[in-house]
Amino acid sequence: MLACIATAAACSHPSIDEIDEVFHRGPRRVLCAAGLDDSAGNDLDSVLSGLERAAERKEILSLYAHRPGGTVPVETIRKVVEEAVRYDLATVSYAQLAVGLPTGTRGGVSLSFDDAHVDEWFDMREMLAYYGANVTFFVSRFDRLSDEQRDKLHQLADDGHSIEAHGLRHQNAPAYVEEHGHDALMVSEHHAADDGYLPSPLLVASAFAAVTSRIPISVSALLVNLYETPRLAEDIAVLDYLSKGRVSYTMGLGYREEEYALYGRDWRTRGRDIERRIEELLRIWKSGEVTPAPYSKPHP
């Protein structure tokens with residue numbers, strides 16, 4: 001399936017309540033997540049205005065951060081979850097967003113944390129429990145975690161938080177997660193990153209598909225604006241055959257201007273461009289303009 005959210009696309013500077021893309025209310029192709037990290041430039045008043053809108057319009061506001069006490073003050077996180085309770089907002093995982101939410105009478109907030117800051121995440125455990133907040137942790141560098149840190153992730157999962165894969169530094173990770181009954185593999189996309197992760201998500205997803213047979217694979221997010229659409233349609237269709245339809249995609253805007261500059265793309269028109277490219281992608285598959293047609297019908 002083509003997922004309709006673009007996680008980790010930092011939509012900052014305007015007040016968050018003015019950014020429609022960070023709110024989920026019914027089907028749409030692109031949904032950004034607004035950054036809580038200091039570097040995202042969203043001050044607390046802006047974030048709280050987003051919570052107020054979510055409550056008033058019964059929408060889901062998506063927020064993300066990385067390292068509590070490092071990239072984002074713990075007090076900011078505490079204030080966000082405190083205000084979510086005051087507005088009677090439900091906490092929603094990204095897994096729930098991906099499959100679609102039933103129409104309800106209550107707004108919500110989807111709060112996630114990225115990378116491998118397990119100790120700092122665990123330090124928030126009591127605070128999150130106090131406010132009844134369930135969040136999503138996207139974990140990278142799993143092979144570098146200590147046994148103690150892995151146990152902490154299990155405890156967070158037992159508390160009701162969602163633990164998802166966010167990266168790969170473990171060559172046997174795909175086969176391991178399938179053999180041990182886990183539910184998903186995920187890769188993301190970045191270019192010119194200091195750690196080298198990950199400019200070629202479709203290649204890595206193909207490698208995952210080759211050593212697994214059951215587990216769903218998600219490319220989240222695929223930076224659509226950096227590709228030529230006909231070639232992207234072909235590559236996705238071929239991967240759809242290799243995986244027998246197990247790969248899904250979150251079409252993302254991206255949040256780093258340097259990636260757009262690297263590929264000669266216009267940063268200012270990225271919102272319009274991604275809508276146009278997704279429309280073109282769907283049209284190409286439907287018309288048979290390129291081959292092969294996708295394995296999944298009508299498309300991944």
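Here are the numbers for the structure shown:
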| quantity | calculated |
| --- | --- |
| Amide H contacts of residue 189 (H built 1.01 Å from N, under 5 Å, at least 5 apart or other chain) | 221 |
| Beta bridge orientation in the chain: antiparallel %, DSSP, nearest 5 | 5 |
| Order of 218, 15 - criterion: other Cβ atoms within 10 Å of each residue's Cβ, fewest first | 15, 218 |
| Residue order, fewest to most beta carbons within 10 Å, for 258, 52 | 258, 52 |
| Along the chain, longest interval not containing exposed trypsin sites (Lys or Arg not before Pro), exposed being DSSP loop plus at most 13 other Cβ atoms within 10 Å | 107-213 |
| Per-residue [θ]222 nm for the chain (sum of -39500 (n - 2.57) over DSSP H runs n ≥ 4, rounded to 500) | -11500 deg cm²/dmol |
| Alpha-carbon centroids, segment 30-78 and segment 202-244: separation in whole Å | 30 |
| Charge dipole of the chain about the Cα centre (unit charges at C-beta), most positive-ward option of 117, 237, 190 | 237 |
| Fewest-first sequence of 212, 136, 291 by Cβ atoms within 10 Å of each Cβ | 291, 212, 136 |
| Option label - Rg/Rh (Cα atoms, Kirkwood Rh) computed here, alternatives (i) 1.09; (ii) 0.95; (iii) 1.05 | (ii) |
| Debye, to nearest 20: dipole size of the chain, +1 on Lys, Arg Cβ, -1 on Asp, Glu Cβ | 1140 |
| Summed side-chain charge close to residue 65 - residues other than residue 65 whose Cβ falls under 13 Å, Lys, Arg +1, Asp, Glu -1 | -3 |
| Nearest 10 degrees, 0 to 90: helix 44-57 Cα axis against the chain principal axis | 80 |
| Cleavage-rule hits, chymotrypsin sites (Phe, Trp or Tyr not before Pro), segment 211-296, DSSP coil, Cβ neighbours within 10 Å at most 14 | 263 |
| Karplus-derived HN-Hα couplings along segment 290-298 (A = 6.51, B = -1.76, C = 1.60, θ = phi - 60°), whole Hz, x at Gly and Pro | 10, 10, x, 5, x, 5, 6, 10, x |
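None of the figures in this text is laboratory data; all of them are computed from the coordinates on show. Since the structure is predicted, the reported quantities are computational estimates derived from the model, not experimental observations. When we count neighbours, we look across all protein chains shown, and the Cβ atoms used for this are built from the backbone with ideal geometry, even at glycine.
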